[in-house]
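Participant: One structure, pasted below without further comment.
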Amino acid sequence: MSDLIIRHAGESDIPRILEIYAPYIQNTTYSFEYDVPTTEAFTERFRRITAFYPWLVAELDGKVVGYAYGSRMFERAAYSWDADTSVYVDDRYHKMKIGTKLYNALEKELFKMGICNLYAIVTGENDRSRAFHEKCGYIQEAKLSHTGYKFGRWLDIYWYVKHIREGEPGEMPHPAEKE
């Protein structure tokens, strides 16, 4: 494999990110979105997330082939040390450990922010993602049955968690306060 570069995403990456994400929406139950967001709507989402959390892309030979980001898990202040994690890789680049490299880089960024707990929500029938998260050290915390409805059927979701920092939150910088 050529050199893989993991870097922070920019707004210029959004069209390619949407190209990667669109098949997951259109052809799978792995995303619970029904429609591919417009570039404008996705740009707004990107801006909202990156105001506080990292969004990374994996670039191979000058082409973005995957991305990962952290985002707010819950609204209340006491949850400020938790982050929701997501990763998507272009199908043509699976089995190259790109998702793992993205998650490792994302975890380091979130740790530096003071995040303690990482969460991932995975559709029940997405066995590949469930195995991936377990291999990355996530532990299944819960199964919620019949939680999402897509493609004419009810779907279960699994909540995974990975604790990346122990101790009292007061010992760390508040994650919402960027340096």
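The values are calculated or read from the model by the stated rules, or taken from the named source; none is laboratory data. What you are looking at is a predicted structure, and each value in this text was computed from that prediction instead of being measured. Cβ coordinates were reconstructed from backbone atoms using ideal geometry, including for glycine residues, and neighbour counts include every protein chain displayed. Surface accessibility is based on the protein's heavy atoms, side chains included, excluding ligands, DNA and RNA. Shrake-Rupley method; radii C 1.70, N 1.55, O 1.52, S 1.80 Å.
Participant: Just to be sure, is Tyr69 among the aromatic types (Phe, Trp, Tyr), touching a strand residue (DSSP E or B) at 6+ places or on another chain (Cβ under 6 Å) and part of a strand (DSSP E or B)?
Facilitator: yes
Participant: Any idea which of Lys101, Lys63 is among the basic types (Lys, Arg), more than 27 Å from Gly152 (Cβ to Cβ), open to solvent by less than 80 Å² (accessible area, probe 1.4 Å) and in contact (Cβ under 8 Å) with a residue 12 or more places away in the chain?
Facilitator: Step by step, each of Lys101, Lys63 is checked, and only Lys63 is among the basic types (Lys, Arg), more than 27 Å from Gly152 (Cβ to Cβ), open to solvent by less than 80 Å² (accessible area, probe 1.4 Å) and in contact (Cβ under 8 Å) with a residue 12 or more places away in the chain.
Participant: Scan segment 38-46 and tell me whether some residue there is touching a residue at least 60 places away in the same chain (Cβ under 8 Å) and either farther than 19 Å from Glu109 by Cβ or open to solvent by 70 Å² or more (accessible area, probe 1.4 Å) (or both).
Facilitator: No, every residue in segment 38-46 fails to be touching a residue at least 60 places away in the same chain (Cβ under 8 Å) and either farther than 19 Å from Glu109 by Cβ or open to solvent by 70 Å² or more (accessible area, probe 1.4 Å) (or both).
Participant: Out of the residues in segment 111-147 meeting the condition of being assigned to a helix (DSSP H, G or I), modelled with pLDDT under 95 and of a type in the set (A, V, I, L, M, F, W, C), tell me which one is surrounded by the fewest Cβ atoms within 10 Å (Cβ to Cβ).
Facilitator: Result: Phe111.
Participant: Quick one: in segment 81-98, of everything that is aliphatic (A, V, I, L, M) and closer than 23 Å to Ala22 by Cα, which residue is most open to solvent (accessible area, probe 1.4 Å)?
Facilitator: If we take residues in segment 81-98 being aliphatic (A, V, I, L, M) and closer than 23 Å to Ala22 by Cα, then Met96 is most open to solvent (accessible area, probe 1.4 Å).
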